[in-house]
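The values are calculated or read from the model by the stated rules, or taken from the named source; none is laboratory data. Quantities reported herein were computed from a predicted structural model and do not represent experimental measurements. For neighbour counting, all protein chains shown are included, and Cβ atoms are generated from backbone atoms with ideal geometry for every residue, glycine included. Remember, those area values only see protein heavy atoms, side chains included, never the ligands or the DNA or RNA. Shrake-Rupley method; radii C 1.70, N 1.55, O 1.52, S 1.80 Å.
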Amino acid sequence: MSAGIDFTVGSRRLLSVGRDLAPWEFSLEDALCEQRELAPPEPGRDGLRVISAPLAALPMIQACFPRHLIGGRQDYRRHLIDMDATFEDYLARFSGKTRSTLRRKARKLAKDAGPYEISEHRTPEQVGRFLDIALPLSAKTYQARLLDAGLPDSAADRSEMIELAQADRMRCFLLSIGDRAIAYLCLPVTGRTLDYAHLGYDPDFARLSPGTVLQLEALERLFAERHFQYFDFGQGEGAHKALFGTDHVRCTSFILLDPTLSNRALLGARSTFDGAVGGVKALAERTGALARVRSVLRG
């Protein structure tokens, strides 16, 4: 149950300190449930990593582990799409300007890069082929290079995805120009919820927004299935999530550490680091330099 406590600037991880933490992850249904009962796991040697807990449940979570120290807390909107409608109803929620922008992105991609094709992969054989094509592309993305958040590529991960496909619990999409894949979207299915697990695109095509083009067409196909209740964008904020989401629930992620001397020192260092990064970010926002800083960090 080892896990890293990360020190990050923007999307770049500078340092990761290992700790033995049990994961405690909340599903979207957990987050949306107003009458909830907690079932906390056994903590690891150093404590727990709490992921996407509903913010309203924070006092109850702390009460389950009163001696543990809380740190690395991040509060955010967990964006989602309520799919109990048609795709046309969904599009109607966008402003006319946004709908026009989305259509323009698709036209620009086709004009500047050439005709594109979007393929869907859901059977075990199709998902295997998807991984063969998408994994080399994933390795080029900044998520993989800087965050270790690309498509999982171990034999165990592959087997798990194939098993999910056998149970009709995978939806994967590729956007290709000719025989070159330039964007992928991977969505495991939990119950009637699509989990936004992995989206990536070739950085050579970033200016053409292939991820946005792929997302929109994938949603059109998923709405047409009339099978899903929610599309869950999961942990963290993001412009892409805010653009496509129709609703949100307030959530929080944090770590609960056993109050040893070394863990206290680690939390103190993390708090000091986060405070310094926040100060630099605020200054960059005031001076208009934030966009340039983000570009450098992703480079």
TODO: Within the stretch 104-133, track down each residue that is surrounded by fewer than 13 Cβ atoms within 10 Å (Cβ to Cβ) and in a helix (DSSP H, G or I).
DONE: R104, R107, K111, D112, E125, D132
Task: Odd one out for E225 among (1) of a type in the set (D, E); (2) touching a residue at least 12 places away in the same chain (Cβ under 8 Å); (3) surrounded by fewer than 19 Cβ atoms within 10 Å (Cβ to Cβ) - done: (2)
Open item on the list: Here's a check for you: in the stretch 61-88, which residue that is surrounded by 19 or more Cβ atoms within 10 Å (Cβ to Cβ) and of a type in the set (A, V, I, L, M) is nearest to P41 (Cα to Cα)?
Closed with: I61
Task: Residues of the stretch 250-279 satisfying the condition of being closer than 20 Å to G236 by Cα, among the β-branched types (V, I, T) and open to solvent by 20 Å² or more (accessible area, probe 1.4 Å) - done: V277
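Out of S27, S52, which single residue is open to solvent by less than 40 Å² (accessible area, probe 1.4 Å), in contact (Cβ under 8 Å) with a residue 60 or more places away in the chain and among the small types (G, A, S)?
Values: S27 fails: open to solvent by less than 40 Å² (accessible area, probe 1.4 Å).
After ruling out the rest, the residue left standing is S52.
When you look at Q143, is it open to solvent by less than 70 Å² (accessible area, probe 1.4 Å) and touching a residue at least 24 places away in the same chain (Cβ under 8 Å), yes or no? Break it down stepwise before answering.
Values: open to solvent by less than 70 Å² (accessible area, probe 1.4 Å): yes; touching a residue at least 24 places away in the same chain (Cβ under 8 Å): yes.
In short, yes.
Could you please let me know if M60 is within 24 Å of the chain's Cα centre (by Cα) and over 25 Å from S262 (Cβ atoms)?
No, not satisfied.
Matching residues to (1) assigned to a helix (DSSP H, G or I); (2) closer than 19 Å to Y116 by Cα:
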{"residue": "K140", "(1), (2)": "no, no"}
{"residue": "G150", "(1), (2)": "no, no"}
{"residue": "D153", "(1), (2)": "no, no"}
{"residue": "A156", "(1), (2)": "yes, no"}
{"residue": "A165", "(1), (2)": "yes, no"}
{"residue": "L174", "(1), (2)": "no, yes"}
{"residue": "C186", "(1), (2)": "no, yes"}
{"residue": "R207", "(1), (2)": "yes, yes"}
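Using the structure shown, decide if A206 is in contact with a Gly (Cβ under 6 Å, 6 or more places away or on another chain) and either free of Cβ contacts under 8 Å to residues at least 12 places away in the same chain or under 13 Å from F130 (Cα atoms) (or both).
On the way: in contact with a Gly (Cβ under 6 Å, 6 or more places away or on another chain): no; either free of Cβ contacts under 8 Å to residues at least 12 places away in the same chain or under 13 Å from F130 (Cα atoms) (or both): yes.
The answer is no for A206.
Here's the yes/no breakdown for (1) closer than 20 Å to A139 by Cα; (2) among the hydrophobic types (A, V, I, L, M, F, W, C); (3) open to solvent by 20 Å² or more (accessible area, probe 1.4 Å):
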residue	(1), (2), (3)
L164	no, yes, yes
C172	yes, yes, no
R192	no, no, yes
P210	yes, no, no
L219	no, yes, no
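Kindly indicate whether any position in the stretch 30-45 is among the hydrophobic types (A, V, I, L, M, F, W, C), touching a Leu at 6+ places or on another chain (Cβ under 8 Å) and surrounded by 15 or more Cβ atoms within 10 Å (Cβ to Cβ). Break it down into steps so the answer makes sense when it comes.
Filtering the stretch 30-45 for residues among the hydrophobic types (A, V, I, L, M, F, W, C) gives 31-33, 38-39.
Now restrict to residues that are touching a Leu at 6+ places or on another chain (Cβ under 8 Å): none.
No, the stretch 30-45 contains no residue that is among the hydrophobic types (A, V, I, L, M, F, W, C), touching a Leu at 6+ places or on another chain (Cβ under 8 Å) and surrounded by 15 or more Cβ atoms within 10 Å (Cβ to Cβ).
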- [ ] Can you give me the number of residues within the stretch 219-253 that are hydrophobic (A, V, I, L, M, F, W, C), under 16 Å from the mean Cα position of the chain (by Cα) and not in a helix (DSSP H, G or I)?
- [x] 4
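Given the criterion closer than 15 Å to L257 by Cβ and touching a residue at least 40 places away in the same chain (Cβ under 8 Å), identify the matching residue among H68, H79. Spell out the reasoning first.
Details: H79 fails: closer than 15 Å to L257 by Cβ.
Result of the check over H68, H79: H68.
Take L14 and tell me if it is without any contact (Cβ under 8 Å) to a residue 60 or more places away in the chain and either in contact with a Pro (Cβ under 7 Å, 6 or more places away or on another chain) or of a type in the set (A, V, I, L, M) (or both).
Values: without any contact (Cβ under 8 Å) to a residue 60 or more places away in the chain: yes; either in contact with a Pro (Cβ under 7 Å, 6 or more places away or on another chain) or of a type in the set (A, V, I, L, M) (or both): yes.
Spelling it out, L14 is indeed without any contact (Cβ under 8 Å) to a residue 60 or more places away in the chain and either in contact with a Pro (Cβ under 7 Å, 6 or more places away or on another chain) or of a type in the set (A, V, I, L, M) (or both).
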